[in-house]
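Worksheet: the structure to be examined is printed underneath.
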């Protein structure tokens with residue numbers, strides 16, 4: 001069925017394009033660079049102009065790639081083995097680093113290939129290489145936590161909250177028998193609650209919104225805080241803008257953000273949620289915060305939907321929107337994805353994936369770890385693109401696949417993505433230093449890999465032809481599926 005569907009799409013797409021584009025046959029025989037794969041080029045070593053010139057030349061002449069997505073990396077350990085691997089030199093965002101980046105752009109422009117601007121070092125996006133936390137610690141990610149204790153009715157309470165460094169979002173009491181909720185905010189003096197409980201058994205809860213200090217996400221920006229995102233963009237995108245604006249729209253054609261979402265910190269929060277809840281719904285948020293953790297009666301589901309809908313709006317209107325607007329103003333197309341973009345539980349992964357992609361010029365999916373993983377969720381991304389009338393869907397493919405991946409898998413992964421709506425491909429990927437023990441995340445998709453070397457020119461041409469036609473295609477039928485986001489939020 002999938003093969004038949006792909007054939008129908010290809011034929012109709014070809015027919016549509018052929019009526020509009022002169023020279024399509026010539027382009028089909030030799031696809032232009034803009035349709036060919038543009039893999040991640042992980043910079044795991046010391047860049048020189050000579051080294052850059054050789055690798056970019058090989059990427060074009062030996063692999064048939066249309067360009068590269070330059071991805072700076074920190075020193076780390078190899079996936080699966082733990083061996084130490086080098087990082088980017090010269091240091092990310094240093095003057096010397098930008099000198100080498102200028103070489104990348106100069107050489108790419110001369111040989112007619114393109115560059116995708118990856119927006120940070122490593123992944124997820126949003127740390128400015130650790131500088132954000134050092135210089136603006138108030139702007140890193142925040143989370144919602146709960147301190148609670150039980151108290152019996154008619155008992156006096158005097159309790160100080162422990163997490164005094166966090167913003168107090170609400171103080172609430174939940175009657176465990178009746179599910180009644182009380183706002184205890186009026187009984188707070190500083191960080192101390194002084195209250196006498198009415199009859200019944202009560203859970204008393206302090207809801208705190210604190211700055212994240214965990215090792216995994218402690219460096220990342222609060223994606224939902226506009227002023228924090230603006231500051232970060234000055235530190236990253238702004239530095240490229242000052243130096244390389246003349247390349248925008250010609251050599252640099254796209255920007256790329258990676259893993260911007262909630263995974264590994266599903267309790268991500270921001271202080272604005274409390275005020276927005278009150279303003280949007282005209283209700284006291286302290287009476288509903290307990291619903292995020294407990295059953296508060298008939299309003300439990302509605303309260304959760306309200307909170308999580310606000311969070312998904314802030315995610316879509318925060319980092320994702322600002323990056324896309326920055327890119328659009330400079331004649332660039334933003335592309336990127338959240339973590340777990342194929343997960344059926346969008347709420348804990350990215351909020352609401354249909355909202356998440358509404359500002360992105362090229363919605364992008366991520367296929368990682370092994371062939372077949374995530375296939376059932378990829379249509380979420382192309383559905384978001386269709387809903388937003390976006391003509392191109394991208395895919396980051398093959399990250400952390402087995403190092404001995406064969407060329408058939410290279411094709412299978414691309415074709416499985418294409419029949420689910422993908423029309424642009426970023427393989428994962430090339431590495432500056434290609435020694436097997438220096439590649440942090442396999443596989444190596446480059447001429448130095450003997451398993452893939454001979455297949456790469458035809459693979460790139462095949463992908464280029466497919467993307468040429470798929471980007472010119474049109475919908476042939478309407479099939480609607482219910483998106484049960486409110487049920488998931490509840």
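The values are calculated or read from the model by the stated rules, or taken from the named source; none is laboratory data. Just so you know, these numbers come straight off a predicted model, no measurement behind them. Glycine gets a Cβ as well: all are built from the backbone with ideal geometry, and neighbour counts include every protein chain shown.
Residue 460 fulfils the conditions (1) in contact with a helix residue (DSSP H, G or I) (Cβ under 9 Å, 6 or more places away or on another chain); (2) outside any loop (DSSP other than H, G, I, E, B); (3) farther than 30 Å from residue 347 by Cβ except for a single criterion, (1). In the set 57, 153, 64, 82, which member is farther than 24 Å from residue 233 by Cα, more than 25 Å from the chain's Cα centre (by Cα) and outside the structural domain of residue 463 (by TED's automatic domain parsing)? Of the residues listed, the single one that is farther than 24 Å from residue 233 by Cα, more than 25 Å from the chain's Cα centre (by Cα) and outside the structural domain of residue 463 (by TED's automatic domain parsing) is 153.
Rundown of residues vs (1) at pLDDT below 95; (2) more than 17 Å from residue 432 (Cβ to Cβ), yes/no style:
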residue	(1), (2)
112	no, yes
115	no, no
121	no, no
143	yes, yes
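Looking only at residues of the range 386-399 that are under 15 Å from the mean Cα position of the chain (by Cα) and not in a loop (DSSP other than H, G, I, E, B), we find that the one that is farthest from residue 425 (Cα to Cα) is 399.
Matching residues to (1) touching a strand residue (DSSP E or B) at 6+ places or on another chain (Cβ under 7 Å); (2) over 20 Å from residue 255 (Cα atoms):
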{"residue": "383", "(1), (2)": "no, yes"}
{"residue": "408", "(1), (2)": "no, yes"}
{"residue": "413", "(1), (2)": "yes, yes"}
{"residue": "424", "(1), (2)": "yes, no"}
{"residue": "444", "(1), (2)": "yes, yes"}
{"residue": "459", "(1), (2)": "no, yes"}
{"residue": "462", "(1), (2)": "no, yes"}
{"residue": "466", "(1), (2)": "no, yes"}
{"residue": "477", "(1), (2)": "no, yes"}
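For the range 39-78, the candidate set comprises residues that are part of a strand (DSSP E or B) and in contact with a helix residue (DSSP H, G or I) (Cβ under 7 Å, 6 or more places away or on another chain); within that set, the residue that is surrounded by the most Cβ atoms within 10 Å (Cβ to Cβ) is 67.
In this entry, residue 129 is excluded by the filter for residues that are in the same structural domain as residue 320 (by TED's automatic domain parsing), surrounded by fewer than 18 Cβ atoms within 10 Å (Cβ to Cβ) and either more than 30 Å from residue 286 (Cα to Cα) or touching a helix residue (DSSP H, G or I) at 6+ places or on another chain (Cβ under 6 Å) (or both). Scanning the range 329-352 for residues that are outside any loop (DSSP other than H, G, I, E, B), in contact with a strand residue (DSSP E or B) (Cβ under 9 Å, 6 or more places away or on another chain) and surrounded by 21 or more Cβ atoms within 10 Å (Cβ to Cβ) yields 334, 335, 336, 337. The set of residues in the range 175-191 being surrounded by 14 or more Cβ atoms within 10 Å (Cβ to Cβ), assigned to a strand (DSSP E or B) and out of contact with any helix residue (DSSP H, G or I) (no Cβ under 7 Å at 6 or more places or on another chain) consists of 175, 182, 188. Assess whether residue 402 counts as being out of contact with any helix residue (DSSP H, G or I) (no Cβ under 7 Å at 6 or more places or on another chain), outside any helix (DSSP H, G or I) and closer than 20 Å to residue 340 by Cα. Here the answer is yes, as residue 402 does meet what is asked. For residue 428, the criteria (1) crowded, with 24+ Cβ neighbours inside 10 Å; (2) touching a residue at least 60 places away in the same chain (Cβ under 8 Å); (3) in contact with a strand residue (DSSP E or B) (Cβ under 8 Å, 6 or more places away or on another chain) hold in every case but one, which is (1). Among the residues of the range 459-471, just one is surrounded by fewer than 20 Cβ atoms within 10 Å (Cβ to Cβ) and modelled with pLDDT under 95, namely 471.
Candidates are the residues of the range 436-453 that are surrounded by fewer than 20 Cβ atoms within 10 Å (Cβ to Cβ) and touching a residue at least 12 places away in the same chain (Cβ under 8 Å); the one that is farthest from residue 394 (Cα to Cα) is 437. For the range 239-266, taking the residues that are in contact with a helix residue (DSSP H, G or I) (Cβ under 9 Å, 6 or more places away or on another chain) and in a loop (DSSP other than H, G, I, E, B), the one that is nearest to residue 99 (Cα to Cα) is identified as 251.
May I ask you to say which residue of 171, 115 is surrounded by 21 or more Cβ atoms within 10 Å (Cβ to Cβ) and either outside any strand (DSSP E or B) or assigned by TED's automatic domain parsing to the domain that holds residue 254 (or both)?
Numbers: 171 fails: either outside any strand (DSSP E or B) or assigned by TED's automatic domain parsing to the domain that holds residue 254 (or both).
When all the criteria are applied, what remains is 115.
When each of 84, 90 is tested for being in contact with a strand residue (DSSP E or B) (Cβ under 9 Å, 6 or more places away or on another chain) and free of Cβ contacts under 8 Å to residues at least 12 places away in the same chain, the lone residue that passes is 84.
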